[in-house]
Amino acid sequence: MYLKVNMAHVLVLGGCGFVGRNLVAYLIENNLVERVRVADKTPPQTAWMNEYHKGIFEGSKVEFRQANLLNPSHIERAFDVENGNFDYVVNCGVGVRYGQAEDVYKESVLQLDLNCAKKAGELKVKKYIQISTGQVYSSDKKSKQ
């Protein structure tokens, strides 16, 4: 899928992770955005980025906001529109690794995603894109053959 976002304002949630940093680099490399805000709980300086990605994140079009999106006030910080509203929000964040209890998933993945999508809706963002593996696991641990 090709998303034309030329000269748009984009918010990338979880933007310091592998998928997020590469998305940010793609948007900047191809001059597809006016600005990108990255919101992540891990700052770029401690996210194990290579020199190329560090350079992208130090550019004038990229703004970083540290935010743990499990915290409602951090969602407000991430979505703050002091420099104009966002045209697109892309959620690349992963709240938790798999193998956890179901209630951990409900809070750290489902509720986080719903809260961010709701905030994007309140701000009338043109597109909200959720990046996910789409994996579904059964509660039954036995193999089905």
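The values are calculated or read from the model by the stated rules, or taken from the named source; none is laboratory data. Since the model is a prediction, treat every value here as computed from it, not as a measurement. For neighbour counting, all protein chains shown are included, and Cβ atoms are generated from backbone atoms with ideal geometry for every residue, glycine included.
For this structure, a couple of remarks:
- Scanning the stretch 70-89 for residues that are aliphatic (A, V, I, L, M) and either more than 22 Å from Ser108 (Cα to Cα) or at pLDDT 90 or above (or both) turns up Ile75, Ala78, Val81, Val89.
- Number of the exception - Cys92 against (1) closer than 14 Å to Gly14 by Cα; (2) at pLDDT below 90: (2)
- Contacts under 7 angstrom Cβ, first residue in the stretch 109-131 being in contact (Cβ under 8 Å) with a residue 12 or more places away in the chain and surrounded by 13 or more Cβ atoms within 10 Å (Cβ to Cβ), partner among the aliphatic types (A, V, I, L, M) and assigned to a helix (DSSP H, G or I), 6 or more apart: Asn115/Ile75; Cys116/Ile75; Lys119/Ile75; Tyr128/Ala117; Tyr128/Ala120; Ile131/Val19
- Taking the criterion of being among the β-branched types (Val, Ile, Thr), assigned to a loop (DSSP other than H, G, I, E, B) and either under 14 Å from the mean Cα position of the chain (by Cα) or surrounded by 16 or more Cβ atoms within 10 Å (Cβ to Cβ) (or both), the residues of the stretch 68-103 that qualify are Val94, Val96.
- Counting only residues that are among the aliphatic types (A, V, I, L, M), under 18 Å from Val81 (Cβ atoms) and not in a strand (DSSP E or B), the stretch 33-67 holds 1 of them.
- Tyr26 surrounded by fewer than 21 Cβ atoms within 10 Å (Cβ to Cβ), more than 17 Å from the chain's Cα centre (by Cα), of a type in the set (Ser, Thr, Tyr) and not in a loop (DSSP other than H, G, I, E, B): no
- Check on Lys144, at pLDDT 75 or above and among the basic types (Lys, Arg): no
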